[in-house]
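Participant: My questions will all concern the structure given below.
The values are calculated or read from the model by the stated rules, or taken from the named source; none is laboratory data. Nothing here was measured: the structure is a model prediction, and the numbers come from that model. Ideal geometry is used to build each Cβ from the backbone, glycine not excepted, and the neighbour counts take in all protein chains shown. Note: accessible area is taken over every heavy atom of the protein model, side chains too, but ligands, DNA and RNA are not part of it. Shrake-Rupley method; radii C 1.70, N 1.55, O 1.52, S 1.80 Å.
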Amino acid sequence: MITRRAYIDATGDRTANEGAIWLDGRVGMSNAEASIRASFARADSIEILTSGAVRERSLQIFDRAFAITYALEAIAVIIGLTGVSFAAGSTALARRGEFGMLRHIGCDAARLSACWRARGFS
């Protein structure tokens, strides 16, 4: 731990604007926060968060960052399903013409059904 003055003297960095305080249990969070705010002229410009609040905010940011990933995953699934349905549809159309030709040259329903099963369709 280091004071702000010692930090500035050691590094020359005047842009540091964050700090962490660990309570030892003798002072409650609300009392510590009130004491910290009372020591600054513009107490309303200070944001004080507990470690739980920091964790929750981090998870919200993380979830927001990955929302686009979930959207892209949904789009990929839709495109994949569309491709599979088009492939199945074109196969069915090709088979329809083939079985139509067999019907045209005189195959009966039983024989067409046997051809259909022989090609792996049920």
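Participant: So which DSSP H runs in the chain come out at 20 Å plus along the axis (Cα) with average Kyte-Doolittle of at least 0.0?
Facilitator: Answer set is 51-104.
Participant: Simple spin-label model, 7 Å along Cα-to-Cβ: GLU56 to PHE40 in nm?
Facilitator: So the label points at GLU56 and PHE40 sit 2.0 nm apart.
Participant: So for the pair ARG117, ALA92, with labels modelled 7 Å out along Cα→Cβ, what separation do we get in nm?
Facilitator: Each label point lies 7 Å from its Cα, and together they span 2.2 nm.
Participant: Hey, what number do you get for the chain at 222 nm if only DSSP H runs of n ≥ 4 count, each worth -39500 (n - 2.57), divided across all residues, to the nearest 500?
Facilitator: -23000 deg cm²/dmol
Participant: A further question follows. Express the carbon and sulfur contribution to the solvent-accessible surface of the chain as a percent, rounded to the nearest whole number, probe 1.4 angstrom.
Facilitator: Result for the chain: 61 percent of the exposed heavy-atom area is carbon or sulfur.
Participant: Taking 41 Å as R0, compute the FRET efficiency from the Cβ-Cβ separation of LEU102 and ALA71 and round it to 0.05.
Facilitator: According to the calculation, E is roughly 0.30.
Participant: Specify which residue in the list GLY52, SER30, ILE68 is farthest towards the positive end of the charge dipole of the range 5-79, using unit charges on the beta carbon of Lys, Arg (+1) and Asp, Glu (-1), about the Cα centre.
Facilitator: Value computed over the given set: SER30.
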